[in-house]
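Peer 1: Have a look at this one.
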Amino acid sequence: MKDYGRLWDDYSNEFNSKLVDSNGDWSKLDEDEQEIAALWKLFVDINNGGFIQFFCNWGFQCLCYAMRGLKRIEDTSLYELLSDAYYDVLEKFKDDTRLTEYWDIPKYLTDEDEECLDAADTQFYEIECERFTKKAYEYYHQTLKKTVTPIDI
């Protein structure tokens, strides 16, 4: 049986490296590369510290690229899970003047917010992750045969 988590991590990390090499300039990546890099960040950070870690580390722009990627690979279940977590918990902080950075958000989470995020994380770990990595790997690597393009300097 294939370990799609490992396959996805090995494959998609190369695209995140391109983003790092471009000093975090998402515009240096084409749309496929943006999605792959964002989905790599999603995979790694949710597995490490949950959706709040992913969002606070990478922000709304990265979330948008990841969500676009989830739509393309037709992972509606994970798309809906993350969309619900964003709109139920994080969206209310969009214009919050108390925040100076995304990592200020955890200070203002309610118990209900934390329960919602914990439930989303648990669903990701127990149900979504394996299906997501399989779909992502098969779509970008096997169907598109996407490889990293050189950075335009």
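Peer 1: State whether one or more residues within segment 77-89 are free of Cβ contacts under 8 Å to residues at least 60 places away in the same chain, of a type in the set (Val, Ile, Thr) and under 15 Å from Ile52 (Cα atoms).
Peer 2: Yes.
Peer 1: Which members of segment 104-147 meet the condition of being of a type in the set (Lys, Arg) and free of Cβ contacts under 8 Å to residues at least 24 places away in the same chain?
Peer 2: Lys107, Lys145
Peer 1: For segment 30-61, which positions are of a type in the set (Gly, Ala, Ser) and over 11 Å from the mean Cα position of the chain (by Cα)? Quick ask: steps written out before the conclusion?
Peer 2: Quick first cut of segment 30-61, residues of a type in the set (Gly, Ala, Ser) only: 37-38, 49-50, 59.
Selection gives Gly49 alone.
Peer 1: Filter segment 5-43 for residues that are surrounded by 15 or more Cβ atoms within 10 Å (Cβ to Cβ), among the small types (Gly, Ala, Ser) and assigned to a helix (DSSP H, G or I) and give the result.
Peer 2: Result: Gly5, Ser12, Ala37, Ala38.
Read-outs: derived from the displayed coordinates by stated rules, not from any lab. In this text, all values refer to a predicted model and were calculated from it rather than measured experimentally. Backbone-built Cβ (ideal geometry, glycine too); neighbour counts: all protein chains shown.
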